[in-house]
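J.: Before I ask anything, let me first share the structure, which is written out below as structure tokens.
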Amino acid sequence: MMTQLAETLRAVTRELVFPLRVLSVVLQVFVVTLLLSFALALAAMPPSALVILIWILTAIALVVVMPYFLRSLMDYLECRARDRRPQVAGIERFAWFDNTWSLFPVVLISAAGWGMYRSVLVDSAAGFWLIVVAMLALLPAVLSVLAITHSPLQSINPLSWWKLMHRMGPSYAVVPVVVALLLAIYVVLPDVPAFYDVLLLLYLAFVVFGACGAAIRPFDIIDNVEIAPDETAGEERRRTQSDAQREKLLAHAYGFASRGNTAGAVDFLVSSSADEADPIAAREWYFSRMLNWEDKFAALKLAQTILHEHLAAGHDIAAVKLMLRCRLLDPRFAPQSGDLDAAIDAAEACQNSDLAKILSNSR
């Protein structure tokens, strides 16, 4: 138990500076800080038509950017729980109504902020500090359960908190203590311009979310803790669990490839994906992830297998798209010898005469 406590402490301590090593995080913090500080500066200026227009445009920009930022925090937590760097996400993260579970922390923090505000209004110091202590104690559990289940209902379920705390033991206390120390340091810092104040707060948000992820990492519970998602988690949670299992298989395949056994890596992934409901989709998932490897030779070998299956199924468009993508990665890419004629036919059927000619010349 003491070993896990020490490991958790080391993992959480590393998160104090880890966001600085992730370019996408640094850029997000800087851009949102610029927008927020600019909006605050405009709000403090005497009203005029131009100021109001600029403020409205800035507010619209914030409405567009904030979903991306908020979802990035939850994605960051999950990545740190798996000891991975977060990848730059696509445009789908800008949507307000996609993966709404990831926006749930805003509801909780807003509710706590309103409660503290009301406590100040009625001059209730006890109520104010009760909310602060409760937030410090429970926020790590809420965020961790939300990352595990993708279910807002489970994230506020005391039974789920208990299961998580019971699994982690004394190690759970590491994050509340670290967050409390960060909060105390922030409170005693001298006043700084609004830009730097916002910059620090947004950076600390990533530190806190990263610390929550790092704290559960030594217990390997991001995917298999006994906290069952409810129906609101839906298909997305099942997909996430599947992806997590695939990541483990992909890491095993990377071990083959890194030792020069490319054929073994490809065979292992083909065999592993054969049991899935959609083997081709699974192999395409592996192929996409393998493109992040330093040596893409194994990914291209897997692409030959995927191409064979597309051609056998008569998926000419998918086959041609895959060949074009692979040839951008390596102009020498070609189908397996037994698939060459079918590949030429697919290129001609898609009216891609250049690709058909290149393939014909490779005979």
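J.: For the chain, what does the convex hull of the Cα positions come to per residue, in cubic angstrom?
T.: Normalising the Cα hull of the chain by residue number yields 191 Å³.
J.: Enumerate the amide H contacts of residue 291 below 5 Å, restricted to partners 5 or more residues apart or on another chain; note that Pro and chain-start residues carry no placed amide H.
T.: Here the answer is none, since no amide H 5 or more places off falls under 5 Å of that of residue 291.
J.: Explain nothing, just the number: dipole magnitude of the chain about its Cα centre with +1 on each Lys and Arg Cβ and -1 on each Asp and Glu Cβ, in debye rounded to the nearest 20.
T.: 780 debye
J.: For the chain, modelled as a Gaussian network with Cα springs under 10 Å, which listed residue fluctuates most, 111, 253, 313?
T.: Highest fluctuation of the listed residues: 313.
J.: Please give the charge dipole size of the stretch 269-362, origin at the Cα centre, charges +1 on K and R Cβ atoms and -1 on D and E Cβ atoms. Round to the nearest 20 debye.
T.: Rounded to the nearest 20 debye, it is 340 debye.
J.: If you count only protein heavy atoms with a 1.4 Å probe, what accessible area per residue comes out for the chain, rounded to a whole Å²?
T.: I get 54 Å² per residue for this part.
J.: Also: Between 337, 72, 144, find the one with the highest GNM mean-square fluctuation for the chain; connect C-alpha pairs within less than 10 Å.
T.: 337
J.: Let me spell out the model: positive unit charges on the Cβ of Lys and Arg, negative unit charges on the Cβ of Asp and Glu, origin at the Cα centre of the stretch 239-320. What dipole size does that give, in debye rounded to 20?
T.: 240 debye
J.: Output wanted: per-residue J couplings in Hz (rounded whole) for the stretch 308-317, from phi through Karplus 6.51 cos²θ - 1.76 cosθ + 1.60, θ = phi - 60°, x for Gly and Pro.
T.: 4, 5, 4, 5, 5, 8, x, 8, 4, 5
J.: Continuing with the same structure: Tell me what the chain gives for mean residue ellipticity at 222 nm when only DSSP H runs of n ≥ 4 count, each as -39,500 (n - 2.57), the sum divided by the residue total, rounded to 500 deg cm²/dmol.
T.: When only DSSP H runs of four or more count, the value is -24000 deg cm²/dmol.
J.: Would you calculate the convex hull of the Cα atoms in the stretch 152-200 and tell me its volume per residue in Å³?
T.: 103 Å³
J.: Leaving ligands and nucleic acids out of the surface, order 30, 18 by accessible area at 1.4 Å, largest first.
T.: Heavy-atom accessible area, descending, gives 30, 18.
J.: Take the solvent-accessible surface of the protein heavy atoms, probe 1.4 Å, and return the percent of it on the chain that carbon and sulfur atoms account for.
T.: Carbon with sulfur: 66 percent of the solvent-accessible area.
J.: How do 354, 345 stack up against each other in accessible area, from largest to smallest, with a 1.4 angstrom probe?
T.: Descending accessible area places them as 354, 345.
The values are calculated or read from the model by the stated rules, or taken from the named source; none is laboratory data. The model shown is predicted, which means the values in this text are computed figures rather than measured ones. Here the Cβ is made from the backbone with ideal geometry for all residues, glycine too, and neighbour counts use every protein chain on show. Areas reflect the complete protein model, heavy atoms only, side chains present, ligands, DNA and RNA absent. Shrake-Rupley method; radii C 1.70, N 1.55, O 1.52, S 1.80 Å.
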